[in-house]
Structures are given as C-alpha cells and as structure tokens.
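Inspection log for the structure reproduced underneath, given as structure tokens.
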Amino acid sequence: MEQCSLGIEEVADHFAGRRTTAMPHEIRELHNTWAAYDSLSQYQPESIVDMRAAHHCLMQGLIFDAGRFRRFGSGLARGRRVLYLAPPADHVRALMRDLLDWLSVTEVHPLIAGCVFHCELEFIHPFADGNGRMGRLWQTLIHSRWSPLFASLPWESILREEQETFYQILAECDSVGNSTLGVEFLLHAVLRSLREETNLSAQMSLIPFHERIH
C-alpha cells in the first residue's frame, strides 16, 4: 500500500488486537485492502461496475470520490519532473470501456493479459488516487481466474520494493507508445514471487508439524 509504513508484524499485531503505532489512515488503508481482496472472487474482470465498486472498497474514507472516475487532469510526477501525462478526464470512461472490452475477448495468455491490463490502466490513470492499488488488484483478479494460486500470491510486496523502477519503466513505455517493457517487468515480478513462495513452502515443509502450529 502506498504511503503505508506498516510492516507484517504490525499488521499481525493490529488484527490480533495488540497496540500498534499505526496512524488512523493506515488502519483505514489496511481494512480497505483486506476487504477488497476478500471480495476478489465476487468481481468480474470485464465489468466496469465491479471495477468502480472495488475502487470504492479500496479508497472509501481516504478520498472524496472513491469509486468514481477522475474529473480532472492527472499523470505521474516525481518532484518537479513529470514522467507522463494521463489522457484528458473526459476520455477516461471510453478508454476504460475499450480496455475492458479488449480483456473480455483477448486470446492472449491470462498472465500476459493481466500485465497488459495493469500497464494500460496506469497509463489511463482513471481514478483521482489509488490507481496503483487498482492495477495490482485487477492483475491479481485476472491471474487468479486462470489459477487460484494467484489469489494469495504476495507478488505485490515485490512490486512495492521496485515501485520507482516500475514508474520509470512506465514512462519509457509511454514515450515509445507500447507497454512491452512494463509487461516484461511485471512478469519478472510474478516469477520472482512464485520462486520466493516455493522456497518458503519448502522451508516450512522441513519444520515439524507440532512446531508450525505454535
């Protein structure tokens, strides 16, 4: 989650009812994200209604227009440097409709389709805030429809570690007019998370059962 300083231990402490140093907005982000991913199976990847409902779930209490497409110009900047400008606000609905229609008919492999969708959503930047979270959520949704494994794969933590690199790559994609570099980057992030999950599972299998349950 952007602008959230909570680590895994603090998240666990919060849900266990223990005191943490989390700020109120971080607690709100945490519960919103938990609710959105808990509802993942209820969303249809091609539905614009479901997408807006998911954004409302993620961003309610954090921004005024949760669940609504932006009504003003937007883009991505770092300091005074603009990495790229998003399309005008009055183009957003049509662009998102086209992207969702593409998703409903494409014969591209779901792993690639999810990455393409994520990159294109970032370019359109349909919401005032929370576009990164929506991109990750919807990529997870698309991938999980192909294999349930991806519903719980923690690849987002890896992507967060390299978020600035991802933004730079998106800027490069914008300059050349295609999302190939972004898709490759996201596929590598998924692969890395699969490897780490496999390593973790292997390590857990070496721990006696009576120790794992304590």
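Values for this structure:
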quantity: Sites ASP101 and ARG195, calculated FRET efficiency, Cβ-Cβ separation with R0 35 Å, nearest 0.05; calculated: 0.55
quantity: Nitroxide proxy distance, nm - points 7 Å out along Cα→Cβ at HIS188 and SER41; calculated: 3.5
quantity: Theoretical gain in end-to-end length, ASN178 to ASP65 [0.36 nm per residue, Cα-Cα removed]; calculated: 37.7 nm
quantity: Charge tally in the Cβ shell below 11 Å around ASP90, where Lys, Arg are +1 and Asp, Glu are -1, ASP90 excluded; calculated: +3
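Any read-out appearing in this document is the output of simple, stated calculations on the displayed coordinates, not a laboratory observation. Source: prediction; values computed, not measured. Neighbour counts run over all protein chains shown; Cβ positions are idealised from the backbone, glycine included.
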